[in-house]
Amino acid sequence: MKPEKEIVIELEDVHKSFGSQKVLDGVSLKILAGTTTVIVGASGQGKSVILKHMLGLLKPDSGQVRVFGRDLAQCNKADMRQIRSSFGVLFQNIALFDSMNVYDNVALPLRERTRSNEKQVRVAVEEKLALMGLEGQEDKFPAQLSGGMKKRVGLARALMLDPKVVFFDEPTTGLDVNKSNEIYRLFYRTQQQLNYTAVIVSHDVPKIFKLSDYVALIANSRMHGPLSPEVFQLSDNPLIRDFVLETMGPIYSSETEESLLYETF
Amino acid sequence: MHTCVNIMDRKVGVAIMKSVTKYIARLGSETMYFFAWYGRLGLFLLTSVFALLRPPYKIMPVIRQIHFIGANSLYVIVFTGLFTGMVLGLQGYYTLNKFGSIGFLGAAVAISLIRELGPVLAALMVIGRAGSAICAEVGIMRNSEQIDALECMAIDPFRYLIAPKLLAALISMPLLVCIFDVVGIFGGYLVGVHLFDVGAGAYFQGMYQNVVWQDLEMGFVKSFVFGLLMVWISSARGFYLHLERDGGFGAQGVSRTTTKAVVMASVAVLVWDYLVSAIML
């Protein structure tokens, strides 16, 4: 990692258990400003739990979570609100407000956190919806939208106040290849435009590697990495190697594979 | 033989000890849960009141909630009030007629309604209609991570979600109780004057002479307290749905918690009805 970049989020020896189940066992991780860090791992390994620790929605049993240099455990509600005002979050289930239409969902952060009047809100919301290709969908309710459209509305809402850090929890889960690519394109375009730090939890390997600066694997309740995507794919760490082999497969060889494949039929 | 009995005794002793330990552990866990829950409930109210007092003040969310809690409850309040007044007229006439004092019918109907039945029945109806809806709404928002989303957007859920409901209930409940009382008195008038032979003048004169300011005061205080209890308990149960002992998961979790909220709020209304009456008498 390049030392000159500012550390935005730092997890230090974080332990977390739910009942008798140990989910995080001494996890340490640094997220650098302006970079994209992808946390990968099999389902149920605690990827979303790490994200919730960074957001301050969960508190570690031991260890520290520091955001912008401040220990979240020491922060009161007002401090938390101040820290979170620099965050944008795209939840796994998107968490759109289901009794509000698309327009009101996207407008909510502006209405609640700024003193913008309705005219300014309309201009800003229309701009973000246009960026996401959602013109003409303002009056629809979340239940009337497809999965991909919901994700785009969620992204528009997350980016509404030009956040410094944006968290993506499984941004492409449940989407087909085209819709996933669309979300990635939007992510790339908006990050170029707004220059935010991104933390992505995903298992969309290897596609997600193209967008990432650093990749970290969570396995056996511990963090492995972060490493650059190239180094990650060639890592000697047996857990990383197993994960890479499992998700990306060994390098394709027609001689060894095709015969095996056909023999099984 | 002797050794065998000893072993048996020891086994029975161990079994008894185990069940006693289990019982004590259960008792401890129940007590902890009880205090944690009521402590949380108290903090919830304090946080909501502070959120209500903190500027900037927004009027539109409160108006929307007044429409939901107050205006939308109007039909059920008018209907319940009318029949409560009518039945009071009927029963009052039957009883007072025995003593030859039907001139007190107006006063009896009005005092019963203003002091007791108006606030209590209106509160129970509003709990059934709006309290259950508030609990289900907040509970579903908790279950579908919408409250987490608010927190992550640095929007205080107490200020955004709970405070407008609290203020709206404090404004709506006294007004609903007033409407309940007026319609109830009219119901008593319909039965007493039109169905039986009580004079309209006697009905209203008795009311005018016997209903005092303290009666109205008690009705007002009760409606205020019951409005607070309704929103407090309904929204707190929904807000802490994820901390329910059964996990509060899914549609069943929401429905179970909503039922608990309605029962708890209704019981709280009856308990506080007694307490307020006892304090103000």
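The table for this structure:
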| read-out | value |
| --- | --- |
| Count of the range B:238-281 residues which are over 18 Å from the mean Cα position of the chain (by Cα) and free of Cβ contacts under 8 Å to residues at least 40 places away in the same chain | 8 |
| Leading residue by the ranking (surrounded by the fewest Cβ atoms within 10 Å (Cβ to Cβ)) among those in the range A:68-103 that are hydroxyl-bearing (Ser, Thr, Tyr) and farther than 23 Å from A:Val199 by Cα | A:Ser99 |
| Residue that is farthest from A:Ile7 (Cα to Cα), among those in the range A:38-93 that are among the hydroxyl-bearing types (Ser, Thr, Tyr) and touching a residue at least 60 places away in the same chain (Cβ under 8 Å) | A:Ser43 |
| Residue in the range B:45-63 that is in contact (Cβ under 8 Å) with a residue 40 or more places away in the chain and among the hydroxyl-bearing types (Ser, Thr, Tyr) present | yes |
| Filter result for A:Leu110 (within 26 Å of A:Ile39 (Cβ to Cβ) and either part of a loop (DSSP other than H, G, I, E, B) or more than 9 Å from chain B (Cβ to nearest Cβ) (or both)) | no |
| In the range A:74-93, residue nearest to A:Phe167 (Cα to Cα) [restricted to those that are at the interface with another protein chain (Cβ under 7 Å from one of its Cβ atoms) and in a helix (DSSP H, G or I)] | A:Arg84 |
| Residue satisfying all of: in the range B:36-59; under 21 Å from the mean Cα position of the chain (by Cα) and among the aromatic types (Phe, Trp, Tyr); surrounded by the most Cβ atoms within 10 Å (Cβ to Cβ) among these | B:Phe44 |
| Unique residue being within 14 Å of chain B (Cβ to nearest Cβ), of a type in the set (A, V, I, L, M, F, W, C), under 20 Å from the mean Cα position of the chain (by Cα) and not in a loop (DSSP other than H, G, I, E, B) when the list is A:Leu96, A:Leu24, A:Leu51 | A:Leu51 |
| Lone qualifier among A:Asp25, A:Asp61 - being among the acidic types (Asp, Glu) and exposed (fewer than 15 other Cβ atoms within 10 Å of the Cβ) | A:Asp61 |
| Selection count where residues are of a type in the set (Phe, Trp, Tyr) and more than 14 Å from B:Glu151 (Cβ to Cβ), scope the range A:30-87 | 1 |
| Hey, B:Phe196 among the aromatic types (Phe, Trp, Tyr) and either under 29 Å from B:Tyr57 (Cα atoms) or out of contact with any Phe, Trp or Tyr (no Cβ under 7 Å at 6 or more places or on another chain) (or both) or not | no |
| Residues satisfying the stated conditions in the range A:160-171, i.e. over 15 Å from A:Ser212 (Cα atoms) and of a type outside the set (A, V, I, L, M) | A:Asp162, A:Pro163, A:Lys164 |
| Considering residues of the range B:151-187 that are away from chain A (no Cβ under 14 Å) and over 20 Å from the mean Cα position of the chain (by Cα) only, the residue surrounded by the most Cβ atoms within 10 Å (Cβ to Cβ) | B:Gly184 |
| Hits in the range B:138-150 (condition: more than 7 Å from chain A (Cβ to nearest Cβ) and not hydrophobic (A, V, I, L, M, F, W, C)) | B:Gly139, B:Arg142, B:Asn143 |
| Conditions (1) surrounded by fewer than 21 Cβ atoms within 10 Å (Cβ to Cβ); (2) within 25 Å of B:Asp273 (Cβ to Cβ): number failed by B:Ala200 | (2) |
| Residue match in the range A:104-119 (condition: more than 30 Å from A:Val67 (Cα to Cα), in the same structural domain as A:Gln191 (by TED's automatic domain parsing), surrounded by fewer than 18 Cβ atoms within 10 Å (Cβ to Cβ) and not polar (S, T, N, Q)) | no |
| The one condition in (1) at negative phi; (2) touching a His at 6+ places or on another chain (Cβ under 8 Å) that A:Glu170 fails to fulfil | (1) |
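The values are calculated or read from the model by the stated rules, or taken from the named source; none is laboratory data. This one's a predicted model, so the numbers in the text were calculated from it and none came from an experiment. Positions of Cβ are generated from backbone atoms using ideal geometry, with glycine treated the same way; all protein chains shown enter the neighbour counts.
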